[in-house]
1. Considering only DSSP beta bridges with both partners in region 1-71, what is the antiparallel share in %, to the nearest 5?
2. For region 59-71, just list the computed ³J(HN,Hα) in residue order, Karplus coefficients 6.51, -1.76 and 1.60, θ = phi - 60°, integers in Hz, with x standing in for Gly and Pro.
3. Order the peptides 77-85, 41-49 from the highest to the lowest mean number of other Cβ atoms within 10 Å of their residues.
4. Can you run phi through the Karplus equation (6.51, -1.76, 1.60; θ = phi - 60°) for region 25-37 and list ³J(HN,Hα) in whole Hz, with x for Gly and Pro?
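Bear in mind these aren't lab numbers, they're just calculated from the coordinates by the rules spelled out. Source: prediction; values computed, not measured. Here the Cβ is made from the backbone with ideal geometry for all residues, glycine too, and neighbour counts use every protein chain on show.
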Amino acid sequence: MTVNHDPEDYARALLSFPRFERVANVDELAERMDLSIRDVESTNFEGALVRIPERSGGIIAVNRAIRELGRRNFTIAHEIGHFILPGHGIEECHCKSAEIESWRKNVIRAQEFEANRFASEYCSPLARSMAL
């Protein structure tokens, strides 16, 4: 029997693992997941997940043009969502601004909508207070 979990369930479960409890920010979370964060120049994407073959981790590239800390954190959490959600991030994925900003699931791909839901739950005040 297959059990389907919502992206929000994955975010809450992640925060309950001892390895990830008391994580201060998304940068630290990514580091503990063996994901390197790189700020890069880009006109094509806000964030990108690059898997490294033969390794458990990868690289999250974040558009250097993002000025707001909350937006940067959400983008990183969105890419972490792609990293851990089943069926996501199997190969490189580049997320455009319109995909990260949209909550209209009939407009963006289902995986982008799910990664937004994961990031929203992870970045919510309640979830963050559980991790602090």
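1. 45
2. Whole-Hz 3J(HN,Hα) from phi for region 59-71: 10, 10, 9, 10, 4, 4, 6, 5, 9, 7, 4, x, 5.
3. Working: 77-85: 24.1, 41-49: 17.3.
Ranking, from highest mean packing down: 77-85, 41-49.
4. Once rounded to whole Hz, the list reads 7, 5, 4, 5, 4, 4, 4, 5, 9, 6, 10, 8, 9.
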